[in-house]
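J.: Supplied in C-alpha cells, the structure appears directly below.
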Amino acid sequence: MARFLAGAAACFLLLTGAFLFWQSRAEEAPLLPAAPPARAASGVLRLPDPPEATAKSREERRFSRADKDKDGKIQREEILAPRRKAFAKLDTNGNGSLSFEEWADKSIDKFDGADKDRSGWLSASEYATTAPPPPKKKRCSC
C-alpha cells in the first residue's frame with residue numbers, strides 16, 4: 001500500500017512540475033499597449049524657456065532702485081534718504097541728534113505694544129510681532 005501511495009505522489013508531483021514548466025513557457029501579453037507615434041507640433045503651443053537673470057542684470061536693477069531721480073547717477077542724498085527717514089522717526093525732539101532716552105523710549109514703546117497680556121515679558125508669539133514687515137514684492141508687469 002505504501003508503494004501505491006508513493007507512486008501516486010510521484011505521479012502527482014511529475015504532472016505538477018510539467019504543468020508549471022509548460023505555463024512558464026507561455027508568451028506573456030504586453031501589460032500596456034504600445035505608445036502612439038509622435039505627432040507634429042502643429043496644434044501644440046511651445047513656450048520658450050524663460051531667460052535667466054545674470055549677475056549684471058541684478059546689479060542693474062539694484063542700481064535702478066538706488067537711482068531715485070533716474071538720471072543715471074546716484075547722489076549721496078539718494079543713498080542716505082531712507083536712513084534719514086528712519087533717523088527722523090527716532091529723533092522725537094527734532095534736534096538732529098539721537099539721545100539714549102529717545103532710542104529707549106522707542107524700544108520701550110515697541111515692547112509695551114508687543115506685551116499683550118502685560119506680563120512684563122514676551123512670549124515667542126508676542127516677540128514675533130516685533131519683527132519688521134517683509135519687503136513688498138513688486139508685481140510682474142507682464
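Please treat every number below as a calculation from the coordinates, not as lab data. Bear in mind that the values here come from a model prediction, so they are computed numbers and not experimental data. Cβ placement follows ideal geometry from the backbone for every residue including glycine, while neighbour counts extend to all protein chains displayed.
J.: Using the crude model of +1 on Lys and Arg Cβ and -1 on Asp and Glu Cβ, and no other charge, please compute the dipole size for region 88-142 relative to its Cα centre, in debye to 20.
T.: So the dipole magnitude of region 88-142 works out to roughly 660 debye.
J.: Binned at 5 Å from 0, what are the whole-percent values of the Cα-Cα distance distribution for region 33-142, short to long?
T.: In whole percents, the pair-distance histogram is 2, 8, 9, 11, 11, 11, 10, 9, 8, 5, 4, 4, 3, 3, 2, 1, 0.
J.: Now for a separate question. Run through region 59-122 and list the trypsin sites (Lys or Arg not before Pro) located in a DSSP loop whose Cβ has at most 13 other Cβ atoms within 10 Å.
T.: The qualifying sites are Lys70, Lys73, Lys116, Arg118.
J.: Right, something else. Spelling out what I want: for every residue of region 75-83, take phi, set θ = phi - 60°, compute 6.51 cos²θ - 1.76 cosθ + 1.60 (Karplus), and round to whole Hz; glycine and proline get x.
T.: 8, 4, 5, 5, 6, 8, 4, x, 6
J.: Report the full-extension gain for the segment Arg3 to Leu45: residue separation times 0.36 nm, less the Cα-Cα distance, to one decimal in nm.
T.: 7.3 nm
J.: Given springs between every Cα pair under 10 Å in a Gaussian network model of the chain, which of Ala81, Ala34, Ala131 has the largest fluctuation?
T.: Of the options given, Ala34 has the highest mean-square fluctuation.
J.: Counting Lys and Arg as +1 and Asp and Glu as -1, what is the net charge of the other residues whose Cβ lies under 15 Å from the Cβ of Thr54?
T.: Once all neighbours under 15 Å are counted, the net charge is 0.
J.: Calculate for the chain the 222 nm mean residue ellipticity that helices alone would give, adding -39,500 (n - 2.57) per DSSP H run of length 4 or more and normalising by residue count, nearest 500 deg cm²/dmol.
T.: Values: 5 runs with 70 residues, N = 142.
Calculated mean residue ellipticity at 222 nm is -16000 deg cm²/dmol.
J.: Please find, in a Gaussian network model of the chain (springs between Cα atoms separated by less than 10 Å), the residue of Trp121, Trp22, Trp103 whose mean-square fluctuation is greatest.
T.: Its mean-square fluctuation being the largest, the pick is Trp22.
J.: For helix 55-66, what angle does its Cα long axis make with the longest principal axis of the chain, in degrees from 0 to 90 and rounded to 10?
T.: Between the helix axis and the principal axis of the chain, the angle is about 30 degrees.
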